[in-house]
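Q: Below you'll find the structure I mean.
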Amino acid sequence: MKLAKWLGNSALVILLSGFLFLGGRETAGYMRLEKETDALRQEAQADGKSGETEESSGQSRKRQLDFQTLKAVNPDIRGWIWLPGTGVDYPVLIGRKEGMYLKRNFKGEADPLGSVFSYVGTDLSADSRVCLFGHNLISGQMFGSLKKFLDQTFAEEHREAFLYTPGGCREYQFLSAVSCRMEEVFQQKEAHMEKVLSLITCGGGEGTVWRTVVNFIEI
């Protein structure tokens, strides 16, 4: 009886230790993502200012990114997406095959946190309809904050979106947000409109058929 109890307690300790270990690894991954993205952003900004400084000073449209610096890190970096006040502030990757950056970071290394990416062949500077994809991370990073746009008050307070490309900055304003099944993503009326930027992420855990889609229209 005592042996069974001891074995049960030991198993519980091992299980909890495993959860703590995995949780620690996830936390370390989130911290690394933030640190590396911040470093890349500061390196690429020609004026040397951080995004928070620009946002607070109201000079968001004046952000300048050196794409030669970004392409020296990875030639697949084709743009940068920034939604002020939401935490969405990442390079946009376009790989040689679809979904290449689903589990690769902006340096092209294997990484479960992935990157923000678009379809192969997308011209971020010129295409009238641009779709960007990113993981719905529990930390709120990448596209983890998009679900907040389903709240009308939050959406009204975070209307701006900026897509930086080698050809300049494309400015957008919030159009709509919806939670829908995967097969319904491109059945929305916004999918057939011009000058629309759509940000798409999972609407729940891995394997879910639900998607959160936030649409912006170019101004």
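Q: Being among the aliphatic types (A, V, I, L, M), open to solvent by 20 Å² or more (accessible area, probe 1.4 Å) and assigned to a loop (DSSP other than H, G, I, E, B) is the filter here, so list the residues in segment 94-112 that pass it.
A: If the condition is that a residue be among the aliphatic types (A, V, I, L, M), open to solvent by 20 Å² or more (accessible area, probe 1.4 Å) and assigned to a loop (DSSP other than H, G, I, E, B), then Met100, Leu102 are the ones that fit.
Q: It is to be established whether one or more residues within segment 198-210 are in contact with a Gly (Cβ under 6 Å, 6 or more places away or on another chain), in contact (Cβ under 8 Å) with a residue 24 or more places away in the chain and among the hydrophobic types (A, V, I, L, M, F, W, C).
A: yes
Q: Between a first residue in segment 130-148 that is free of Cβ contacts under 8 Å to residues at least 24 places away in the same chain and a second residue that is part of a helix (DSSP H, G or I) and surrounded by 22 or more Cβ atoms within 10 Å (Cβ to Cβ), which pairs have beta carbons less than 7 Å apart while being 6 or more apart in sequence or on different chains?
A: none
Yes/no per residue for (1) part of a strand (DSSP E or B); (2) modelled with pLDDT under 50; (3) among the charged types (D, E, K, R):
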residue: Lys5; (1), (2), (3): no, yes, yes
residue: Ala28; (1), (2), (3): no, no, no
residue: Thr37; (1), (2), (3): no, no, no
residue: Arg61; (1), (2), (3): no, no, yes
residue: Gly79; (1), (2), (3): yes, no, no
residue: Val92; (1), (2), (3): yes, no, no
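Q: So Ser128 passes all but one of these: (1) touching an Asp or Glu at 6+ places or on another chain (Cβ under 7 Å); (2) closer than 17 Å to Tyr90 by Cα. Which condition number does it fail?
A: Here Ser128 clears every test but (2).
Q: Taking Val178 as the residue in question, decide whether it is farther than 18 Å from Asp38 by Cβ, of a type in the set (Val, Ile, Thr) and at pLDDT below 95.
A: Here the answer is no, as Val178 does not meet what is asked.
Q: Could you please give the count of residues in segment 131-164 that are crowded, with 21+ Cβ neighbours inside 10 Å and farther than 28 Å from Phe67 by Cα?
A: So the answer is 1.
Q: If you take just the strands (runs of 3 or more DSSP E) that sit entirely in segment 165-219, which of them hold at least 1 residues that are open to solvent by 50 Å² or more (accessible area, probe 1.4 Å)? Can you show your working first?
A: Details: elements: 168-181, 196-202, 210-218.
Where strands (runs of 3 or more DSSP E) fall fully within segment 165-219 and carry at least 1 residues being open to solvent by 50 Å² or more (accessible area, probe 1.4 Å), they are 168-181, 210-218.
Q: Now a separate question. Sort through Arg170, Arg159 and tell me the only one that's touching a strand residue (DSSP E or B) at 6+ places or on another chain (Cβ under 7 Å), over 16 Å from Asp127 (Cα atoms) and charged (D, E, K, R).
A: Arg159
The values are calculated or read from the model by the stated rules, or taken from the named source; none is laboratory data. Keep in mind that this is a model prediction, so the values were computed, not measured. Every residue, glycine as well, gets a Cβ built from its backbone with ideal geometry; the counts of neighbours run over all protein chains shown. Just the protein is used for accessible areas: all its heavy atoms, side chains included, with ligands, DNA and RNA removed. Shrake-Rupley method; radii C 1.70, N 1.55, O 1.52, S 1.80 Å.
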